[in-house]
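Scroll down for the structure; my scribbles are underneath it.
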Amino acid sequence: MIADILTVMWKERKLLFKQGGSRFKTAFVLVVPLIMVGVFLPWQEGAGWVEGYWSIIGSVLIPLLLVGMVIPESFAGERERHTLVTLLASRLSDQAILFGKVAVAVGYGWVVALFTLVLGLVTVNIAHWDGQLMFFTPGIALSNVALSLVMAGFMAGLGVLISLRSATVQGATQFLMGATFLPLIVLQVIALVLLQMGPGVMDNISELFASVNPAHVILIAIAVLVVVTIGLFWTAKVKFQRERLTLD
Amino acid sequence: MAEVAIRIDNLKRYFNSVKAVDGLSLEVPAGTIFGFLGPNGSGKTTTINLLLGLLEPTDGRAEILGFDTRTQANEVRANIGALLEYPGIYEQMSAEENLEFYGRVWRMSDTERQSRIKELLTQIGLWERREERVVKWSRGMKQQLAMARALMHHPHLVFLDEPTAGLDVVAATTIREDLATLVEREGVTVFMTTHNMSEAEKLCSQVAVIRAGKLVALGAPDALRRRAGNPQIEVVGNGFSESVLNLLRARPEVATVELHADRLSIHLSEETDTAPLVSLMVNAGVQIEEVHRGKASLEEVFMTLMEEER
């Protein structure tokens, strides 16, 4: 089983930067978030980037964007290029195909997120050098490592579920991005409504946020994401039916 | 290996009211190239998908190399090779990487994989281009590579779904030659769907014909020709008067007689000797230059079978 997952990972890794356009396009898409979250924001925030929880932005955004870009390829891409049925007709088990594909997407999102954290650290130390090396506190570092992994897993779980049933990569990408950003849009609308209700409401909400320990919020977010991600993988495993995939 | 590579017993697959495969029963002996013929939409691809365990039968059963397709689908897929409706090649990878991947899928060792890749790509004349991305290749070359992939792990049985469909004459001939050579060298059983009758005639030792999911004929191409296509005689010469034609029409073994300029076609109703008919014409004053005895082509047999079913 492990050997088969590694085999699928070998193929997925080979195709990771080759599908969906030129290498330049892939590099461009990778470089923009890296510069934004690894250089620009840390340079702007200075010591606050390593001492506060600002770096969490990278741990959420980088896996969301990068996994969100590659995971629609997993099944919709194979279907679009007519390679899926040949893969299904091989001796590989359902789990090997599914988890081999997911593992590469998660690994890609997570590794780049960690690299961005290190890049941010380097940027802060160079741009705001005061004679002493600045590091993340253990709590912040651990939060970043865990949250970026869970976020990558969540996006991979959601993306693979959508990709299993999508006819095209474009369709899968649009659906995935819609499903990901819809909650953010809803939150924005709620914020606007609250603003309309007068300054008193916003002050109360600000006070509420100020009284909450960010570490606790991150812990709760990680716990919720872990549960949701497990649910997504379980559903994807159930939905992975060779007959359905052959007929789609 | 089992003497019967494929055993199908009353296999059915319905899609709502559509009977894609309807009570199919046949056996494919090991070590043969078996042609599965039928017009478009007759159920050929559905049958292959059922045999690979990719689809569940509505009823009936099939055994591949002794494994039940319903309960032992993983074992079935572990022991076969397949070139399905599309080549299934990863076009952004090189030819070598494509074969490398499927070699890994079938758990071949590094050394085994490397020597097999070289052997197969050399055999099909693509070894020098092994590092090129397949996306630049012609359709025929992709199909050659897909066939090499199907044979990569030395399977006992290979399924080929219309391997020459959509290829030009040269590419199709190359594929047929590659197939014949590889099959002869490797001794595999081949189950091949096609609607190309001349291809089936050249390659297959046994053929089955299906229409609307039902088996309409099964046997060696020669036996099918004898069964469905009546023999005929072509005579080239002079002096085919109306009285000669009437003499021929009066013979019990003659079904029809047609005259086109100096060429007379005599369709026989049964297998019979040609000599008495030739003597009859010579005695009636016909000057004969050539006599050909012909059999119906598999294509004619196929058309006859399709007409009969209507």
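If r is the Cβ-Cβ distance from B:ARG70 to B:HIS267 and R0 is 35 Å, what FRET efficiency results, to the nearest 0.05?
Working: r = 47 Å, r/R0 = 1.36.
Once the sixth-power term is evaluated, E becomes 0.15.
Ignoring ligands, DNA and RNA, what percent of the 1.4 Å accessible area of chain B is carbon and sulfur? Don't jump to the answer; show the numbers that get you there.
Numbers: 6360 of 13820 Å².
Answer for chain B: carbon and sulfur cover 46 percent of the accessible area.
Can you compute the helix-only [θ] at 222 nm over the protein assembly as shown? Use -39500 (n - 2.57) per DSSP H run of at least 4 residues, normalise by all residues, nearest 500 deg cm²/dmol.
Details: 23 runs with 306 residues, N = 558.
Helix-only estimate at 222 nm: -17500 deg cm²/dmol.
Would you rank B:LYS44, A:LYS18, B:LYS214 by solvent-accessible area, highest first, keeping every protein chain in place and using a 1.4 Å probe?
B:LYS214, A:LYS18, B:LYS44
What order, most packed first, do the peptides A:171-177, A:153-159, A:83-89, B:158-164 have when packing is the mean number of other Cβ atoms within 10 Å of each residue? Before the final figure, lay out each step's value.
On the way: A:171-177: 19.9, A:153-159: 26.7, A:83-89: 22.1, B:158-164: 23.7.
Sorting A:171-177, A:153-159, A:83-89, B:158-164 by mean packing, highest first, produces A:153-159, B:158-164, A:83-89, A:171-177.
Accessible area, 1.4 Å probe, largest first: how do B:GLU258, B:GLU289 sort? Don't skip to the answer; put the middle values down first.
Working: B:GLU258 80, B:GLU289 130 Å².
Largest to smallest exposure gives the sequence B:GLU289, B:GLU258.
Using a Gaussian network for chain B with springs between C-alpha atoms less than 10 Å apart, which of these wobbles most: B:HIS156, B:HIS292, B:HIS260?
Maximum fluctuation in the GNM of chain B, among the listed residues, is at B:HIS260.
Work out the mean other chain Cβ neighbour count within 10 Å for the residues of B:100-109 and drop it here as an integer. Provide the component values of the computation, followed by the final result.
On the way: counts 3, 8, 6, 1, 7, 10, 4, 4, 0, 0.
Average neighbour count from other chains, rounded to a whole number: 4.
Under 25 Å Cα to Cα from B:LYS202, which lysines show up? Leave out anything in the same chain fewer than 8 places away.
Cα-Cα hits under 25 Å: B:LYS44, B:LYS142, B:LYS214, B:LYS295.
If you wrap a convex hull around the C-alpha atoms of the stretch B:4-220 and split its volume per residue, what is the figure in Å³? Don't skip to the answer; put the middle values down first.
On the way: hull volume 24.8 nm³, N = 217.
So the per-residue Cα hull volume is 114 Å³.
Averaged over its residues, how many other protein chain Cβ atoms are within 10 Å of peptide A:86-99's Cβ atoms? Present the calculation step by step, with values, prior to reporting the outcome.
Values: counts 13, 5, 8, 15, 13, 12, 5, 2, 1, 0, 1, 0, 0, 0.
Mean shielding count: 5.
Out of all DSSP beta bridges with both ends in the protein assembly as shown, state the antiparallel percent to the nearest 5.
That works out to approximately 70 percent antiparallel.
Can you give me the distance in nm between label points at A:ASP248 and B:ASP59, each placed 7 Å from the Cα along the Cα-to-Cβ direction?
Label-label distance for A:ASP248 and B:ASP59, simple model: 3.1 nm.
To the nearest 0.05, how large is the calculated FRET efficiency for A:PHE181 and B:TYR86 if R₀ is 56 Å and r is the Cβ-Cβ distance?
Taking R0 as 56 Å, the efficiency between A:PHE181 and B:TYR86 is 0.95.
What residue among B:HIS153, B:HIS195, B:HIS267 shows peak mean-square fluctuation when chain B is described by a Gaussian network model with Cα springs under 10 Å?
Maximum among the listed residues: B:HIS267.
Dividing the Cα radius of gyration by the Kirkwood radius, what Rg/Rh value follows for the stretch A:2-245?
Numbers: Rg = 20.0 Å, Rh = 19.6 Å.
In the stretch A:2-245, Rg relative to Rh is 1.02.
Can you tally the net charge around A:GLN95? Count Lys and Arg as +1, Asp and Glu as -1, for every other residue whose Cβ sits under 10 Å from the Cβ of A:GLN95.
On the way: positive: A:LYS237; negative: A:ASP4, A:ASP94.
So the surrounding residues net to -1.
I'd like the accessible area for A:ILE35, computed on protein heavy atoms only with a 1.4 Å probe and all protein chains in place. Round to 10 Å², please.
Number for this one is 90 Å².
Write down the radius of gyration of the protein assembly as shown and its Dmax, each obtained from C-alpha positions, in Å.
Taking only Cα atoms of the protein assembly as shown, I get Rg and Dmax of 33.3, 122 Å.
The values are calculated or read from the model by the stated rules, or taken from the named source; none is laboratory data. Remember, it's a predicted structure, so these values are computed and weren't measured experimentally. So basically every Cβ, Gly included, is an ideal-geometry build from the backbone, and we count neighbours across all protein chains shown. Ligands, DNA and RNA are stripped out before the accessible areas are found, and what is left, the full protein with its side chains, is counted by its heavy atoms. Shrake-Rupley method; radii C 1.70, N 1.55, O 1.52, S 1.80 Å.
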